[in-house]
């Protein structure tokens, strides 16, 4: 079977899977009792551990995810992919989406017999203020990560330049700062480092915030994509990732980060000394 045929088969299998979910939900809604569900939006830039976090939360019996496949992002569901994902405006902060339509579609995939409905598309960080007007009751889990580690992922996985990665990381932190300070809905703030280094503390804070998630399984292997490309228990991979940055990449990143030092300090991050180069 050649690659083109494999791709077509994969597309058809995925389409059938999504169709099955919708039919299953339609049938189950005639049997199961609808509950007063809460929307939980994980606001996280890309490559900051949001898939790992979603995998963790989905161990709860109280949770339904908008898209159970891949990185578990509602933006890649068939009916909204053209609008939210396959568009140059995805990361344009001036471009908003038709959230009433998107909500209608996502509700076909969520199991509304579950009390917590989760969505985690990364570009949602740009449109959280619009989202909270349509999805009620809503809660936000605002997450972020050491920008150096995020830069490494952007460079390695997207084949982007160090300059692009650094600027994107800074824009992500600026957006999250705005979300922390301006969103009026309930919100829990968590860093990748806090989650991976002290998961039990995160659990305690989470359950105070969302009691329905008391049954999440902290001590388990996470299948989310990681640097080692294998299921593993949560641990901080920042050091391994940052060590992969070259001398040239660190120099470029630091020039941009130095101009935004106060922003990094807001999130308790520091400029990393470039010991790989003789000149800084």
Quiz item: Identify, please: which residue in region 69-91 is out of contact with any strand residue (DSSP E or B) (no Cβ under 7 Å at 6 or more places or on another chain), under 15 Å from residue 46 (Cα atoms) and not in a helix (DSSP H, G or I) and is, among those, modelled with the lowest pLDDT?
Solution: 70
Exercise. Could you check residue 66 against (1) farther than 24 Å from residue 181 by Cβ; (2) touching a strand residue (DSSP E or B) at 6+ places or on another chain (Cβ under 8 Å); (3) modelled with pLDDT of 95 or more and say which number it fails?
Key: (3)
Practice problem: Scan region 200-215 residue by residue and report those that are under 15 Å from residue 234 (Cα atoms) and buried (at least 18 other Cβ atoms within 10 Å of the Cβ). | Solution: 202
Practice problem: Go through 102, 112 for me and flag whichever is touching a helix residue (DSSP H, G or I) at 6+ places or on another chain (Cβ under 9 Å), touching a residue at least 60 places away in the same chain (Cβ under 8 Å) and more than 16 Å from residue 172 (Cα to Cα). | Solution: 112
Exercise. Could you grab me the full set of residues in region 103-128 that are over 17 Å from the mean Cα position of the chain (by Cα) and more than 18 Å from residue 77 (Cα to Cα)?
Key: 113, 114, 115
Quiz item: If you take the residues in region 162-191 that are under 21 Å from residue 202 (Cβ atoms) and assigned to a loop (DSSP other than H, G, I, E, B), which one is modelled with the highest pLDDT?
Solution: 183
Exercise. Give the residues of region 211-242 that are at pLDDT 95 or above, more than 19 Å from the chain's Cα centre (by Cα) and in a loop (DSSP other than H, G, I, E, B), sorted by residue number.
Key: 214, 215
Practice problem: Take residue 105 and decide whether it is in the same structural domain as residue 135 (by TED's automatic domain parsing), assigned to a helix (DSSP H, G or I) and surrounded by 15 or more Cβ atoms within 10 Å (Cβ to Cβ). | Solution: yes
Quiz prompt | residue 56 assigned to a helix (DSSP H, G or I) and crowded, with 23+ Cβ neighbours inside 10 Å | solution = yes
Self-check item: Total residues in region 111-161, condition at pLDDT below 95 and surrounded by 23 or more Cβ atoms within 10 Å (Cβ to Cβ)
Solution: 0
Quiz item: In region 192-205, is there at least one residue being under 23 Å from residue 249 (Cβ atoms), outside any loop (DSSP other than H, G, I, E, B) and in the same structural domain as residue 54 (by TED's automatic domain parsing)?
Solution: yes
Quiz prompt | Which listed residue, of 47, 18, is outside any loop (DSSP other than H, G, I, E, B) and either at pLDDT 75 or above or within 24 Å of residue 175 (Cα to Cα) (or both) | solution = 18
Quiz prompt | Subset of region 155-176 [under 19 Å from residue 270 (Cβ atoms) and touching a strand residue (DSSP E or B) at 6+ places or on another chain (Cβ under 9 Å)] | solution = 172, 173, 176
Quiz item: From the set of residues in region 243-280 that are in a loop (DSSP other than H, G, I, E, B), surrounded by 12 or more Cβ atoms within 10 Å (Cβ to Cβ) and modelled with pLDDT of 90 or more, which is nearest to the chain's Cα centre (by Cα)?
Solution: 267
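The values are calculated or read from the model by the stated rules, or taken from the named source; none is laboratory data. Predicted, not measured: the structure shown is a model, and the values here were computed from it. Here Cβ is always computed from backbone atoms with ideal geometry, including for glycine, and neighbour counts include all displayed protein chains.
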